[in-house]
Amino acid sequence: MREDFEREFRMMRAYAPKEFVQVCMHALRWPALQSFFEQQSRLAIAQNDWSAIADYGKYLDAFEDDWEDARTFYCRYFVESAND
C-alpha cells in the first residue's frame, strides 16, 4: 500500500497541516516523496509561488537527520523513540 500512501502525501499540501506532513516525512523518509517534493519546489520557484516554496522547503527540511523541529517541537516522539 506504499504507493497509495505516497500518492496521498503528494496531494496533502492542499488539505493537511504542514506540520503533519513534516512529521510523517521525517519518520518515513521515502526517497520517492523526497524527489517529488524537490521537483515541486523547483516548479514553485520557477513560478514564484512563495507559499508553495515555503511549504515544500519545510517538507524537504524534515527529511534531514538533523531536522531542528525533531529536537524541539517533536522531541518527545523522535528523541525518546530513538533512545528506546
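A simple packing score, the average count of other Cβ atoms within 10 Å per residue, orders the peptides 3-9, 28-34 as 28-34, 3-9, with the highest score first.
Our coupling estimate for segment 32-49, obtained by passing each phi through the Karplus curve with A = 6.51, B = -1.76, C = 1.60 and θ = phi - 60°, is 4, 6, 4, 4, 4, 5, 4, 4, 5, 5, 4, 5, 4, 5, 4, 9, 6, 8 Hz, Gly and Pro reported as x.
Could you compute Rg(Cα) / (2.2 N^0.38 Å) for segment 7-74, with N its residue count?
It is 1.04.
If you take the Cα centroid of segment 1-24 and the Cα centroid of segment 29-70, the two points sit 12 Å apart. Does segment 1-43 come out rounded, prolate or oblate, given a ≥ b ≥ c as the square roots of the eigenvalues of its C-alpha gyration tensor, rounded meaning a/c under 1.5 and, failing that, prolate meaning a/b above b/c? In terms of gyration-tensor shape, rounded.
At R0 = 41 Å, how high is the FRET efficiency between residue 68 and residue 1 if r is their beta carbon distance? Nearest 0.05 is fine.
Details: r = 31 Å, r/R0 = 0.75.
According to the calculation, E is roughly 0.85.
Since every read-out is calculated from the coordinates, none of them should be taken as a lab result. Only a predicted model underlies this, so the values are computations on that prediction, with no experimental measurement involved. Don't worry about glycine lacking a Cβ; one is built from the backbone with ideal geometry, like all the others, and counts go over all protein chains shown.
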